[in-house]
Amino acid sequence: MGDKQNTTSDLNDGHSSLEAVLPIPVFMFVVGVVGNITAIVVLSKTKRERKESAFYTLVCGLAVTDLLGTCLASPITIATYLAQRWSGTLCEFHSFLLLFFGVAGLSIICAMSAERYLAISYPYAYKRWAVDQNVARWCLFAIYVGNVLFCSPPLLGFIKSVHQVPNYTWCFIDWRSENPLQVSYTYLYAGVSTLLILVTVVCNVALCWTLFTMRRKTRKRLVPKASIKAHWKELSSGAEIQMMVVLIVTSLVVLVCSTPLVVRLFANQIWLELDWDADLEAIRFASVNPILDPWVYILLRRSVFHKLLCLTKGRRNSILPVSDRPQPTVQCLLEKSCATSFVLAKDLLGSVDFENPPSTTSAVSPRGGKGATQIH
């Protein structure tokens, strides 16, 4: 009689805990799908010139990756919450999804950081190598194929996947195993993720330093016409600053959400400690990443920056005389590809050594109205 009462009590406790926890993954799934679809729609309405840039293509690739990760992984989590069990090889597939989309997001944000650093710091190499939409597509293809192969051992059965406690609603590789192959793969995955994080941080720091150096040289350089300085202000306040903020905020979101899981990989394999709550928090952080990413594109690319630039443009035009207003306008600059803007900015400042001095000349109009770089 007592055992029957205990069993009934356990079942009631399980149902009550399920009702309390189930809305969380459902809410995350809905918000993730709606947010990423909205972000893809917003990105698809970008100007044609911007669509052809490598950075835009990589941003779209990250949005699609986040959407796929949400649509594939979240339903499995919700199903296990409802069924309270795992069927067949579903555990191995779920482990593969978490591994793949975790390292794929880091790979794409690392490629975005490297692309921006190359475009700003080495604009001539950027143009000579023709880094464009096609290059970015091939880069995304290589990231997907490489990471599928890299994360497939658990799916193929070479690496063991286990149900993670305390609620057994998610699967991951056995990161407390003493099997040499299992240990090697855990360290390899954690090491690759760490390397991607470090490269992303280094590229972003170098990018910020490059822009800071360019601005400092602008102040020290003697420019005969004030309109050239105004033109540089337009360039830096338009495409460059917008791309910079989008990149840095997206990088922070991805790194903050991904780092806890990488830390747990090392901690569990090195000390073999049993801290299930920390493991659960780490995977929850990783699950929040595809929910936050799309709102960075939506807010910073469309709403906030567009309004800020319009306000800045209106204020500047209301202060400056008509003859001294810099051209091209912010709107024109935003319609250009960011790579071209970076080349024009550096040429106007004279902060880059020309690779072929005899065949390269710069001509700036007296009013700064159509400052242009002519390469013969």
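The values are calculated or read from the model by the stated rules, or taken from the named source; none is laboratory data. Keep in mind that what you see is a predicted model, and the values were worked out from it rather than measured. FYI the Cβ positions are ideal-geometry reconstructions off the backbone, even for glycines, and counts take in every protein chain you see. Keep in mind that these areas ignore ligands, DNA and RNA; they rest on the heavy atoms of the full protein, side chains included. Shrake-Rupley method; radii C 1.70, N 1.55, O 1.52, S 1.80 Å.
From the residues in segment 168-224 that are β-branched (Val, Ile, Thr) and outside any helix (DSSP H, G or I), which one is modelled with the highest pLDDT? Talk me through it step by step, then tell me what you get.
Pass one, segment 168-224, residues β-branched (Val, Ile, Thr): 169, 173, 183, 186, 192, 194, 197, 199-202, 205, 210, 213, 218, 223.
Narrowing the set further to residues that are outside any helix (DSSP H, G or I) leaves 169, 173, 223.
Values: 169: 81, 173: 93, 223: 50.
Selected residue: 173.
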I'd like the full set of residues that are among the β-branched types (Val, Ile, Thr) and part of a helix (DSSP H, G or I), limited to segment 137-167.
143, 145, 148
Looking at 58, 72, 67, which is the one that is aliphatic (A, V, I, L, M) and without any contact (Cβ under 8 Å) to a residue 40 or more places away in the chain?
72
Just checking, how many residues over segment 111-160 are small (Gly, Ala, Ser) and open to solvent by 40 Å² or more (accessible area, probe 1.4 Å)?
4
Within segment 81-110, take every residue that is of a type in the set (Phe, Trp, Tyr) and buried (at least 21 other Cβ atoms within 10 Å of the Cβ) and give me the one that is farthest from residue 52 (Cα to Cα).
96
Under 9 Å between Cβ atoms, at least 6 apart or on separate chains: pull out the pairs that start in segment 187-210 with a residue that is within 16 Å of residue 244 (Cα to Cα) and end on any residue that is assigned to a helix (DSSP H, G or I) and aromatic (Phe, Trp, Tyr).
202/117; 203/117; 204/117; 206/117; 207/117; 210/117
Are there any pairs with C-beta distances below 8 angstrom linking a residue in segment 127-145 that is farther than 18 Å from residue 101 by Cα to a residue that is among the charged types (D, E, K, R), with the two at least 6 apart or on different chains, and if so which?
131/115; 132/52; 133/51; 133/52; 136/115
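With the condition kept exactly as written, say whether any residue in segment 87-104 is farther than 30 Å from residue 162 by Cβ and either among the small types (Gly, Ala, Ser) or modelled with pLDDT of 90 or more (or both).
So the first thing to find is which residues in segment 87-104 are farther than 30 Å from residue 162 by Cβ, and the list is none.
Within segment 87-104 (the criterion being farther than 30 Å from residue 162 by Cβ and either among the small types (Gly, Ala, Ser) or modelled with pLDDT of 90 or more (or both)), the answer is no, since none of the residues qualifies.
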Qualifying residues in segment 173-187 (those that are within 16 Å of residue 273 (Cα to Cα) and hydrophobic (A, V, I, L, M, F, W, C)) - the one farthest from the chain's Cα centre (by Cα)
183
May I ask you to list the residues in segment 30-63 that are open to solvent by 60 Å² or more (accessible area, probe 1.4 Å) and not in a loop (DSSP other than H, G, I, E, B)?
30, 34, 37, 41, 48, 49, 51
